[in-house]
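Working notes for the structure below.
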Amino acid sequence: MKLYDTGVYLVDGTQIVADDHEASAKLSALGKKADKEKAAEGTMAYGILKSHNTSGNMHELKVKFDKLTSHDITYVGIIQTARASGLEKFPIPYVLTNCHNSLCAVGGTINEDDHMFGLSCAKRYGGIYVPPHQAVIHQFAREMLACTGKMILGSDSHTRYGALGTMAMGEGGPELVKQLLGKTYDINMPGVIAIYLKGKPVKGVGPQDIALAIIGKVFKNGYVKNKVMEFVGPGIANLSVDYRIGVDVMTTETTCLSSIWECDDRTKEFYEIHGRKEDYKPLRPADVAYYDGCVEIDLSEIRPMIAMPFHPSNTYTIAELKENLMDILDDTEKKAKVSLGDQVDFHLKDKVHDGKLYVDQGIIAGCAGGGYENICDATDILRGKSIGSDDFTLSVYPASTPIFMQLAKNGCVADLLATGAIVKTAFCGPCFGAGDTPANNGFSIRHSTRNFPNREGSKLQNGQIASVALMDARSIAATAANKGFLTGADEIDVDFTKPKYFFDSEIYKNRVFDSHGVADPSVEVKFGPNIKDWPPMSPLPENLILKVVSEIHDPVTTTDELIPSGETSSYRSNPLALAEFTLSRKDPAYVGRAKEVQKAQKAVEADSCPGDALPEIHDVMKAIHTKFEDVNRHNIGIGSTIFAVKPGDGSAREQAASCQKVLGGWANIANEYATKRYRSNLINWGMLPFTIPAGNLPFKNGDYLFIPNVFDDIRNKNTEIEAYVIKDGGLVPFTLTMGELTDDEREIIEDGCLINYYRAHNKK
């Protein structure tokens, strides 16, 4: 795999010409001109973005999407935010699925209450409602929503339908609210990186292997961060559409913005199988297209891969792992110490039996693993064998009921059950800790999207830890056939039968509610007793007092660490109840510290003395008055902030930001933000996304910070923000930085959150 250190020209979709001093001559020899600006308009991404941009300026985009998608962890909060902001009807198709929490009922929200809320909203506002167990969100989108040349925005980070010619993006809920209210998605034109595929995968190598190889190469260096990955090259023709989908869905783990693929006759066949041939059109780059970088991949060189805990980028070939087993396991244990500390005793080396790695669990599931082809190939490997009667278990979750039905008709379900495997309905549970949670010290191999710490459902606060490694369905099946001893699919002899897929649309016609875009205002929205409105949120004050209530120095902090998934999602419809879990697995003291500081802000809002509510504020104000005599309770806000090196990798769930806001958070401070979507979530919830250069911090956990004239700084588009640490009764200056903000983003921060922003605008 080769990463180019320059931009590249792609000629006729097949030839790469590096943008160096020889580029002009090489292009001329091919009968082409080196017109970089024009060639940059030749990417598929540029064409799709141009057709959806409403600004008239291709450098500063204002995008309107064609369709929206949300699942049941997010849609209640999104619709409640939109309702509070003046929602009357869904202006474009909006699909509400119920795939994330349909089997998880651990107190708090009663799941079916949320589902009835969703169904009633689909009727009232003109949406589409997919009942529990019918399909995971992304498979339904692939089967029923994707169209070549169109754009979809989803509130799940793995909203990726590029393999079907749809540019899709996963963002926090407030960005969907903007679309529901007729507003736009505002970004600068992103860079576009060519993912050039050549060759053909060897037998036993599946889409997850290709994806993990890419992630391992580009995540740590940020090569595609916030850019569009554009898949091109002759190798695409050697991949089935199911295979392409399996690679595409994992592009999220590279931290790219979106993805798009060339579309050909195989893509056309996919649409025809699903009864939507009118939604297909060919898609390819122009004869000369310019890219900001290129990842060149020879598919034939990829071998079965494994991503060791606790990140998809911790990649090795399975052969490499086996050859260096104890060293790699030891390294993994050491890396775990960085995230887990001494809270639990994490170990993997005891999984080695007679020189072989024994795993406790195999999972093939969700939007990544639950595809038809993955499960058919896994069945071919397992047919006639047994997974054994020891610790090892295997669960298979087809990604939709139509896939499940076809697997039942062609005999795969029976063959899997005969091995001792369990076949379950469409559910995202294993991927976010709400299903098939391993035992303490369990080691699970999964064809799913993520393997972050505790994502599988273990609870550090209870002294429990398990871990996940990501693998392809074929190697998971090979391991299962070997009764739990790690085995790559290239180590076994198998004939893949590749049974044809037949899609039965009657399943959805019989169960999915589709308003066909017709709203019915007479329908009353159904509220369960634990579905709560967002609490009031104050606008940005003139000056800010912030207490640092958590300091995290991990290389990356995921959204699952900021707000754990799994059982906490049972409280997803109650902002105050959900907020009690903020940082619970990373910094259990955070909630108490934040709520203590919030007492002072509530006093400010009540026009009473904040020092009476929080006595330490008296000393803080004395220190401030040594330089800023005019600061008083009428022109300050008091809240909390956290520092993290690189927060926001992972899920698009805006709860990672909103829960901090609900607890009185005013800002995050980071060396950098892992993803655009997390930074956007902070902004949309009225939180300041500060950055500070890497190195020794001028403050520590528990310190108070004072930021004078912060409102004016935001209003005046200042990029350097004057701040002070309160130490020894005085003020010690330092500088925070603020990246680029749009005019709307500044106004959202000034108003205190997106809800306030729309309420203000609706009054005008």
| Which of the residues that make up the stretch 250-294 are outside any loop (DSSP other than H, G, I, E, B) and hydroxyl-bearing (Ser, Thr, Tyr)? | Thr251, Thr252, Thr254, Ser258, Ser259, Thr267, Tyr271, Tyr290, Tyr291
| message | Within the stretch 184-231, take every residue that is surrounded by 24 or more Cβ atoms within 10 Å (Cβ to Cβ) and part of a loop (DSSP other than H, G, I, E, B) and give me the one that is nearest to the chain's Cα centre (by Cα). | response | Val224
| said: Checking the condition under 21 Å from His553 (Cα atoms) and either out of contact with any helix residue (DSSP H, G or I) (no Cβ under 8 Å at 6 or more places or on another chain) or modelled with pLDDT of 95 or more (or both), which residue from Asp354, Asp350, Asp345, Asp327 passes? | reply: Asp345
| query | Can you spot a residue in the stretch 377-394 that is over 17 Å from Gly204 (Cβ atoms), free of Cβ contacts under 8 Å to residues at least 24 places away in the same chain, among the aromatic types (Phe, Trp, Tyr) and touching a strand residue (DSSP E or B) at 6+ places or on another chain (Cβ under 9 Å)? | reply | no
| said: Could you go through the stretch 440-460 and let me know if any residue there is modelled with pLDDT of 95 or more, among the acidic types (Asp, Glu) and part of a loop (DSSP other than H, G, I, E, B). | reply: no
| request: Please give the strands (runs of 3 or more DSSP E) falling wholly within the stretch 688-735 in which 3 or more residues are surrounded by fewer than 19 Cβ atoms within 10 Å (Cβ to Cβ), more than 30 Å from the chain's Cα centre (by Cα) and not assigned by TED's automatic domain parsing to the domain that holds Tyr678. | output: none
| remark: Those residues of the stretch 315-336 that are without any contact (Cβ under 8 Å) to a residue 12 or more places away in the chain, surrounded by 13 or more Cβ atoms within 10 Å (Cβ to Cβ) and in a helix (DSSP H, G or I) come to a total of 2
| note | Of the residues in the stretch 669-687, those that are part of a loop (DSSP other than H, G, I, E, B) and aliphatic (A, V, I, L, M) come to Ala674, Met687
| How many residues, within the stretch 432-451, are surrounded by 24 or more Cβ atoms within 10 Å (Cβ to Cβ), closer than 18 Å to Phe581 by Cβ and out of contact with any Cys (no Cβ under 6 Å at 6 or more places or on another chain)? | 2
| request: For Trp666, work out the one condition from (1) at negative phi; (2) under 31 Å from the mean Cα position of the chain (by Cα); (3) assigned to a loop (DSSP other than H, G, I, E, B) it doesn't fulfil. | output: (3)
| message | List pairs: first residue in the stretch 133-152 and surrounded by fewer than 24 Cβ atoms within 10 Å (Cβ to Cβ), second residue assigned to a loop (DSSP other than H, G, I, E, B) and among the basic types (Lys, Arg) anywhere in the structure, Cβ distance under 6 angstrom, at least six positions apart or on different chains. | response | Thr148/Lys281
| What's the number of the condition Ala34 fails, among (1) part of a loop (DSSP other than H, G, I, E, B); (2) surrounded by fewer than 17 Cβ atoms within 10 Å (Cβ to Cβ)? | (2)
| request: Please find, among Ser475, Ser467, the residue that is at pLDDT 95 or above and either basic (Lys, Arg) or not assigned by TED's automatic domain parsing to the domain that holds Leu562 (or both). | output: Ser475
| note | The lone condition Ala577 fails out of (1) of a type in the set (A, V, I, L, M, F, W, C); (2) touching a Ser or Thr at 6+ places or on another chain (Cβ under 6 Å); (3) within 30 Å of Phe690 (Cβ to Cβ) is (2)
| task | Quick one: in the stretch 373-391, of everything that is modelled with pLDDT under 95 and either not charged (D, E, K, R) or not assigned by TED's automatic domain parsing to the domain that holds Val494 (or both), which residue is surrounded by the fewest Cβ atoms within 10 Å (Cβ to Cβ)? | result | Ser389
| said: Could you check the stretch 736-759 and list, in sequence order, the residues that are in contact with a Leu (Cβ under 7 Å, 6 or more places away or on another chain) and closer than 17 Å to Tyr185 by Cβ? | reply: Ile748, Tyr758
| note | All-but-one check, Leu741 against (1) within 23 Å of Asn635 (Cα to Cα); (2) not in a helix (DSSP H, G or I), failing number (1)
| request: Enumerate the pairs (first residue in the stretch 626-648 and outside the structural domain of Asp587 (by TED's automatic domain parsing); second residue anywhere and part of a loop (DSSP other than H, G, I, E, B) and of a type outside the set (S, T, N, Q)) with beta-carbon separation below 8 Å, excluding pairs fewer than 6 apart on the same chain, so at least 6 apart or on different chains. | output: none
| Can you find a residue in the stretch 235-247 that is surrounded by 24 or more Cβ atoms within 10 Å (Cβ to Cβ), touching a residue at least 40 places away in the same chain (Cβ under 8 Å) and closer than 30 Å to Ile748 by Cβ? | no
| Within the stretch 659-680, can one find any residue that is at pLDDT below 95 and small (Gly, Ala, Ser)? | yes
| Which listed residue is under 30 Å from Thr252 (Cβ atoms), in contact (Cβ under 8 Å) with a residue 24 or more places away in the chain and not small (Gly, Ala, Ser), from Ile707, Ile692, Ile721 | Ile692
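Matching residues to (1) closer than 22 Å to Ala168 by Cβ; (2) surrounded by fewer than 24 Cβ atoms within 10 Å (Cβ to Cβ); (3) not assigned by TED's automatic domain parsing to the domain that holds Gly149:
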{"position": "Ile16", "(1), (2), (3)": "no, yes, yes"}
{"position": "Ala23", "(1), (2), (3)": "no, yes, yes"}
{"position": "Ala29", "(1), (2), (3)": "no, yes, yes"}
{"position": "Thr43", "(1), (2), (3)": "yes, no, yes"}
{"position": "Lys50", "(1), (2), (3)": "yes, yes, yes"}
{"position": "Asn53", "(1), (2), (3)": "yes, yes, yes"}
{"position": "Thr69", "(1), (2), (3)": "yes, no, no"}
{"position": "Thr74", "(1), (2), (3)": "yes, no, no"}
| Condition check for Ile73: β-branched (Val, Ile, Thr), closer than 22 Å to Tyr397 by Cα and not in a helix (DSSP H, G or I) | yes
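Per-residue answers, yes or no, for (1) surrounded by fewer than 20 Cβ atoms within 10 Å (Cβ to Cβ); (2) in contact with a Cys (Cβ under 6 Å, 6 or more places away or on another chain); (3) under 21 Å from Gln80 (Cα atoms); (4) at pLDDT below 90:
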{"position": "Asp560", "(1), (2), (3), (4)": "no, no, no, yes"}
{"position": "Gly566", "(1), (2), (3), (4)": "no, no, no, yes"}
{"position": "Ser573", "(1), (2), (3), (4)": "no, no, yes, yes"}
{"position": "Arg585", "(1), (2), (3), (4)": "no, no, no, yes"}
{"position": "Val597", "(1), (2), (3), (4)": "no, no, no, no"}
{"position": "Glu605", "(1), (2), (3), (4)": "yes, no, no, no"}
| request: Go through the residues of the stretch 101-121 one by one and say whether even a single one is within 22 Å of the chain's Cα centre (by Cα), under 19 Å from Pro398 (Cα atoms) and not polar (S, T, N, Q). | output: yes
| field | Considering residues of the stretch 80-128 that are assigned to a loop (DSSP other than H, G, I, E, B) and modelled with pLDDT of 95 or more only, the residue nearest to Glu143 (Cα to Cα) | value | Pro93
| request: Look at Leu578 and say whether it is among the aliphatic types (A, V, I, L, M), assigned to a loop (DSSP other than H, G, I, E, B) and either closer than 21 Å to Arg653 by Cα or over 38 Å from the mean Cα position of the chain (by Cα) (or both). | output: no
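The values are calculated or read from the model by the stated rules, or taken from the named source; none is laboratory data. Fair warning: this is a prediction, and the values are worked out from it, not measured in the lab. In this analysis, Cβ positions are derived from the backbone assuming ideal geometry, glycine residues included, and neighbour counts consider all displayed protein chains.
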